[in-house]
Amino acid sequence: LAKEKGKNTYQFYTSSLNSMDSCKLELENGLRNAIKNEEFTLYYQPQVDLNTNKIIGLEALIRWKHPKYGFVSPAEFIPIAEETGLIVAIGKWVLETACNQHKQWEEKGFSPMRIAVNVSALQFRHKDFAKTIEQIISNTKCRASYLELEITESVMQHLGETTTIMNELKELGVNLSIDDFGTGYSSLNYLRHFPINTLKIDKSFVDEINNGKNGEIIVKVIIDLGNRLGFQVIAEGIENKQQAIFLKQNNCHIGQGDFFSQPLPAEKMERLFSE
Ligand code: C2E
Ligand code: MG
Ligand code: MG
Ligand code: MG
């Protein structure tokens with residue numbers, strides 16, 4: 001297509017493509033050493049009981065400080081980590097760090113709460129995932145019931161394999177949550193088969209609350225579906241009071257988003273616990 005527009009366009013197009021490729025390659029190389037160079041940290045975002053406004057859980061979110069580019073968004077580097085397989089090691093680091101932090105907070109006397117950790121599809125389906133979780137729990141002494149693994153609907157494509165892994169995880173006592181619910185390519189069928197605890201309503205639906213569009217109806221239906229099936233329902237990406245009120249009035253009991261708090265580093269999170 002670019003070629004049809006003339007030689008100059010074509011050259012511009014290829015050179016910008018090349019620079020995109022080389023940037024990606026640079027990120028990829030950077031990712032290979034990022035654990036060793038201690039460039040990753042975890043931030044934590046509170047999950048709030050919409051009726052009492054108390055923090056009932058946290059979601060761990062990875063942050064990468066690249067030596068040259070500064071903070072690179074996980075939305076940008078997680079896909080690269082998945083393509084290259086580096087996500088397996090990075091994901092393990094995230095799990096270990098989150099569980100260690102949880103234990104440290106418990107030892108400091110903060111009342112323990114659930115901690116949610118994002119797990120990519122590749123990581124979830126990688127050999128012996130449940131064993132890895134078992135080891136991490138035993139090494140860090142973080143109780144399994146405090147750990148919630150957030151997976152996306154992309155995992156659901158492999159029904160048999162996924163059921164096996166989920167059952168192994170349930171056996172260990174960890175909780176399972178479907179992240180970005182409603183945005184993936186899956187059928188509702190899996191909700192009957194999988195031992196799921198929590199549905200997270202994607203931010204894109206929450207964004208449409210009070211703007212008169214159909215997103216609001218979708219939010220109501222997801223809440224209803226989740227409640228009726230006995231799942232906990234969490235809304236993500238809440239940015240204002242109107243959204244929080246709408247969700248509460250429609251029987252969504254837990255919320256997460258910048259309206260309550262942005263993701264914070266561990267030290268700042270402690271200050272919030274102490275309030
Ligand atoms: P996610 O798991 O759906 O996480 C929610 C994202 O929404 C986070 O972005 C969070 O910072 C952001 N967010 C929360 N509340 C608000 C709000 O009120 N407004 C806006 N605009 N954004 C809000 P983040 O941290 O950039 O992460 C993006 C995605 O990257 C995550 O989406 C998750 O899919 C992935 N990710 C993050 N950390 C990890 C990780 O440790 N492992 C894996 N596999 N994926 C991760
Ligand atoms: Mg998540
Ligand atoms: Mg999400
Ligand atoms: Mg999301």
Report task. State yes or no: is L264 within 30 Å of H102 (Cα to Cα) and of a type in the set (A, V, I, L, M)? Result -> yes
Report task. Can you work out which of the residues in segment 183-207 that are part of a loop (DSSP other than H, G, I, E, B) and among the aliphatic types (A, V, I, L, M) is farthest from ligand 4 (Cβ to nearest atom)? Result -> L188
Query raised in the report: Are any residues in segment 168-184 surrounded by fewer than 22 Cβ atoms within 10 Å (Cβ to Cβ) and hydroxyl-bearing (S, T, Y), and if so, which ones?
Result: T183
Query raised in the report: Would you call N240 more than 14 Å from ligand 3 (Cβ to nearest atom), of a type outside the set (D, E) and touching a residue at least 24 places away in the same chain (Cβ under 8 Å)?
Result: no
Query raised in the report: Can you find a residue in segment 103-110 that is surrounded by fewer than 22 Cβ atoms within 10 Å (Cβ to Cβ), among the aromatic types (F, W, Y) and within 13 Å of C142 (Cβ to Cβ)?
Result: yes
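Read-outs throughout are calculated quantities, based only on the coordinates presented, and are distinct from any laboratory measurement. Small disclaimer: the values here were computed from a predicted structure and weren't measured. Positions of Cβ are generated from backbone atoms using ideal geometry, with glycine treated the same way; all protein chains shown enter the neighbour counts.
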